[in-house]
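The values are calculated or read from the model by the stated rules, or taken from the named source; none is laboratory data. Since we're looking at a predicted model, the values are computed, not measured. Cβ: placed from backbone, ideal geometry, glycine included. Neighbour counts: every protein chain shown. Just so you know, the surface numbers come from the protein's heavy atoms only, side chains and all, with ligands and any DNA or RNA stripped out. Shrake-Rupley method; radii C 1.70, N 1.55, O 1.52, S 1.80 Å.
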Amino acid sequence: KSMRARFSRHARRVFEHGHRLFLFGIAIMPTTARLLRFDRTSTLFSEPFDWHHTPHLSDFFLRLGQMTSGQRGHDTSAM
């Protein structure tokens, strides 16, 4: 199966078993990576980037660590 199909299947499972509005994902290949954002109706993929020579991954993790639960996609009305 394609990478997109596998990621979408896993995201559907997260939505079925958790109180989420959206979630983030990362696809890391040997030389490139893509950031992903899933919600219940669609998936957004970033353009591939060279994760060895750009700060995109470290920037993503830094910002993710500073987000609230709601900003990370948790449905705070269900908590």
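Assorted remarks:
- Angle in degrees between helix 3-17 and the longest Cα principal axis of the chain, rounded to the nearest 10: 20
- For the range 1-40, applying the loop criterion from DSSP together with a ceiling of 16 other beta carbons within 10 Å to the trypsin sites (Lys or Arg not before Pro) yields 1, 40.
- Euclidean distance between Cα centres, the range 33-79 to the range 1-25, Å: 13
- Three-way shape label, the chain, alpha-carbon gyration tensor, a/c 1.5: oblate
- Largest to smallest accessible area among 57, 21 [probe 1.4 Å]: 21, 57
- Degrees separating the helix 56-66 axis from the principal Cα axis of the chain, which is the longest one: 30
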